[in-house]
Each structure stands twice: as C-alpha cells, then as structure tokens.
Amino acid sequence: MSLRASSSSILRSGIAAGATRGAAATLPLRSGAVALPRHATLPRARAPAAPRSFSTTTRRAEEYESPFGINSLSKLTEEEEMLRDAVRRFAEDVVAPRVEAMDEAEKMDPAVIKGLFEQGLMGIETDPEFGGAGGSFTSAIIVIEELAKVDASVSVLCDVHNTLVDTVMRKYASKELQEKYLPQLSESKLGSFCLSEPASGSDAFAMKTSCKKSDDGKHWIINGSKMWITNSAEADFFIVFAQGDPSKGYKGISAFAVEREHGIEIAKKEKKLGIKASSTCTVNFDEIKIPIGNLIGEEGKGYKIAIEILNEGRVGIGAQMIGLAQGAYDKAVRYAFERKQFGKPVASFQGMQFQMAQALTDIEAARMLVYNAARLKEEGRPFTKQAAMAKLFSSQVAQRVAGQAIEWAGGQGFTREMGLSKYWCDSKIGAIYEGTSNIQLQTIFKLSQAEMGL
Ligand SMILES: Cc1cc2nc3c(=O)[nH]c(=O)nc-3n(C[C@H](O)[C@H](O)[C@H](O)COP(=O)(O)OP(=O)(O)OC[C@H]3O[C@@H](n4cnc5c(N)ncnc54)[C@H](O)[C@@H]3O)c2cc1C
C-alpha cells in the first residue's frame, strides 16, 4: 500500500483517486471528530494554472469567471479554498486550545506536530510518490497563513519544514536522497534549516562551519556551530550549510542532509520575546561524519541553494505575518463589539472604526503582495523583488495591527490572558528572520536599480 493511500489527512484524502466531493474525512486529534470536506486533486506545481475563485466570498470558484481570462489575486482554486477551510478547522480545534499553555511553557505540544503530519500538512508540495500532497506553492502559503491566525509558532514550524527543508530536498537533492528522506519528512520527521551562525547572520556566507571529505573518501566531516535554528529541539533532520574551501569565498559553501543520529548536539535553547513555543537552539557539529552521498546538489553550490530557497521562504514569512495580523484584528474587533462604554459597544465609535478600516486595508494590501509573489513563483517568473516586498510590508503591517489590537481592547488587551499581547510579541520576528527588513530593502532597491539600467 502506498504512503498516500494509507494516510487519512486533510490533503491526502482529497488526492486519493476517486475521492468524492462532500465525503467526510476526520481530524483525529479532536475530541468529537470534525467532519472535513474532501477535496479533489490539489493543483500540482507544474500543472497549467487552474481558474481561481474569490476567497473572500461564500461563493465558489466556478461561480466566477473573468471574461478576459485574467483573474484577481484573491482568486484561489476550489481545492485551495477547501484546504483553507480544513486548515482553519484544524487550527481552531487542535491548535487554539493549546496556544496559551504552549506559550507559557515555551514548548511545542508534540500532539500539534503529530497532528500536522497526520493531516498531510508537512509535505504540501512534495510529490505523492514520496508521500506528499503534490500541492501548489500557494497551498503552502494558505496553510501558513491560516495557522498563524491562531499561533505564529505553529505556523513557523510548518513554514520552515515545508518552504525551506522540503523544498531544498525536492529541488536539489539526488533521487537517492529524495527516496530516503522525503517520505520521512512527509510522514513523521521534522526538519530544520541550518544557515546562521553566531558571527554570520545577515552576512550568512561568512560562515565558519567547515566540511571536508574523509581520507577514505566515504564521508563528509562537519565541524562548527549554527545558531538560531528553528525546530531544532524537535527535529530529526537538518539541512546544513558548511564551508569547504574558504579561499573560494561563498563558492566554497555546500549543503548537506544530516540526521540527528549522525551525532548532532542540540545546545542552548533561546528564551525569546515571541514565538516562544517555536524552538530556537544552537546546533553543534563536532567531527560529525555523514555519508558522502548526503551532499545536496553540487559541491560548492550551497550558496545558490540558500539564496534561491530563502526567496521562497520569505513569501512564507509574509504569509505568517498576514495571518498573524488578521488573527489579532479578528480577536480585538470581536471584543470591541462586546465591550460597552458610554452605553455603546466601543466598536461603534467612529474613531475606532476608522482605525479598524485602515488596519483591514493594510492587511489586504499585504495579502495581495504575498499572493502575487506566490503566483509569480508558481508561474516560473522572477519573484525575488516581490518576495522581499511581501515580507517587508507584511511584517510592518503585522506589528502595526497587533499593536493597535491591544489598544482596541484597552486594559484587557494588555493582559497575557487575553492573548492579544502574544500576537504583538510574535509579530516582531517578521522583521528579523529570513533576512532583516534592511536586507529586504537592500534587495528591493538593488533589483529596481538594475531594472532601470542604472
Ligand atoms: C527566532 C529566530 C529564528 C531563526 N531561525 C533560523 C533558522 O531556522 N535557520 C537559520 O539559519 N537562521 C535562523 N535565524 C537567524 C536569522 O535569520 C538571523 O537572525 C537574521 O538573518 C539576522 O542576522 P543577525 O541576527 O546576525 O543580525 P545582524 O546581521 O547582526 O544584523 C543586526 C542589524 O544590522 C542590520 N544590518 C546588517 N547588515 C546590514 C547591511 N548590509 N545594511 C543595512 N543594515 C544591515 C540588520 O538589518 C540588523 O538590524 C533565526 C533567528 C531568530 C531570531
């Protein structure tokens, strides 16, 4: 029996040949199972673009058709819309009840990770041949956005695993490595992406972690330390970048597939301002020996892999930030309709409504930047500048909206109990990881300068 056929999940249930629309799949983690609509085949990354539908209405894709063949950016395929509904339920029913406890404990609940795997959300773009769902990049973006509405920590866990780790393996690894690791990454093993080091953050290619071939030529030997590694406390699999020949500069860097069992040491876990349930640790490599075939792509081409993959990853962080902003907005506005002052709901005051309308407009603008970057990527068109803009702007909007949401809820908003202050703390990371805001600005300006021929 194939991995796909043996799994019941949000994604896989819909892919299975002959899946019937309207039939129900269940979420296993919830007490009192949730009936989920089954969806038909997910759009494949290389398939011709399917017609999209307005996601903000209750109507479905087929009810809208542009007579000119050009669709709005908020159009999603029917399958993407159904995936959004299903992930929303998973986030509300499985993640939401655990968010406060996970944040206080600064620890991811293993049941959430298990649930993400069981629902097929950890191999979204991976080919069904390797146990994945064969979905579009936009499908991954939608999942990250929906999870972030409820918890940015769970969202980044899923984001790093899908947009960085899975994608490196899908795009650059040998067939042998794909056959070995992609099914594990789709089914049960969490991945980490190890690029940053204590002395190399924005200047990532100044890394000191080294790699060399063993004397018998059968192994790579890795030495050094990586810092700030997301998912590392729980991960079994690590994409590691290391320098093989400092005299070649960034062209000496290679990428490797490393298992925890190869002898990785997970060291200091950071105590952070936000995304506290997401583990961020130092990872040490002390004469780690890995098989020679675990080189990903060509020797000395690691820099290229890192650059290309982080372009995609930035769209994912943009999605995390718009989800977070929307989650904070929804929570605060609902409260503002319940809270009465001067005999009226505080949301009925024009001063409040104008701020809320502005926040919604900002979120919508950020969402369009994110979706546009995702669709450009799917179409195989250049998207580096748009990805940088999407991440930059979404993180700014997330910080602004999450901060305002606290104010809309007054003193209650300032308590940890209400959960709004968590959105604000979580929002800060959007301007830092996968390239700080200054680095995004640098990219945007450099590319536009080149486009102008200057
Ligand atoms: C919670 C968290 C999770 C992370 N997860 C991962 C992970 O999974 N894998 C991984 O590899 N890394 C990860 N990182 C690392 C992250 O990508 C880096 O923190 C980020 O790239 C910034 O590097 P730095 O912290 O060294 O800051 P620095 O590079 O020291 O930057 C400090 C300041 O200087 C500015 N600056 C630097 N260079 C320039 C320049 N040329 N022009 C203008 N301004 C500049 C920056 O914008 C910033 O404001 C994570 C970090 C955090 C905090």
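FYI, it's all coordinate maths here, none of it is from the lab. Keep in mind that this is a model prediction, so the values were computed, not measured. Because the Cβ atoms are built from the backbone with ideal geometry, glycine has one as well, and the counts that use them run over all protein chains shown.
Some values worked out for this structure:
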item: For the range 112-165 versus the range 290-347, the gap between their alpha-carbon centres in whole angstrom; result: 12
item: R381-E261 FRET efficiency (beta carbon distance; Förster radius 35 Å; 0.05 resolution); result: 0.30
item: Using alpha-carbon coordinates, inclination of helix 137-150 to the longest axis of the chain, degrees; result: 60
item: Value in Å of the Kirkwood radius, where the chain supplies the Cα pairs that are averaged; result: 22.6
item: Under 15 Å, Cβ to Cβ, from Y329 - net charge with Lys/Arg +1 and Asp/Glu -1; result: -1
item: Relative exposure of R381, R416, judged by other C-beta atoms within 10 Å (fewest first); result: R381, R416
item: Cα-only Debye scattering, the range 385-445: base-10 log of I(q)/I(0) at q = 0.20, 0.29 Å⁻¹; result: -0.69, -1.07
item: Helix 175-187 axis, angle to the chain major axis (alpha carbon atoms, nearest 10°); result: 30
item: Fewest-first sequence of S139, S394 by Cβ atoms within 10 Å of each Cβ; result: S139, S394
item: Rounded to 10°, Cα long-axis angle of helix 384-408 versus longest principal axis of the chain; result: 40
item: Efficiency of FRET between R416 and K446 - r from beta-carbon atoms, R0 45 angstrom, step 0.05; result: 0.65
item: Whole-Hz couplings from phi, Karplus 6.51/-1.76/1.60, listed for the range 263-269; x for Gly and Pro; result: x, 5, 10, 8, 9, 3, 9
item: Cross-link table K248/K301; K175/K391; K304/K385, entries beyond 23 Å C-alpha to C-alpha; result: K175/K391
item: Computed E for Q355/S214 - FRET, C-beta separation, R0 56 angstrom, nearest 0.05; result: 0.35
item: Residue-span extension gain [S174 to R339] - 0.36 nm each, minus C-alpha spacing; result: 53.6 nm
item: Residue order, fewest to most beta carbons within 10 Å, for I70, I363; result: I70, I363
item: When each of K226/K251; K226/K428; K75/K272; K189/K276; K272/K344 is checked by Cα-Cα distance, pairs over 28 Å; result: K75/K272; K272/K344
item: 37 °C / 0.692 mPa s Stokes-Einstein diffusion coefficient of the range 306-451, Kirkwood radius on C-alpha pairs, µm²/s; result: 206
item: Principal axis box of the range 192-300, alpha-carbon based, largest edge first, Å; result: 44, 29, 21
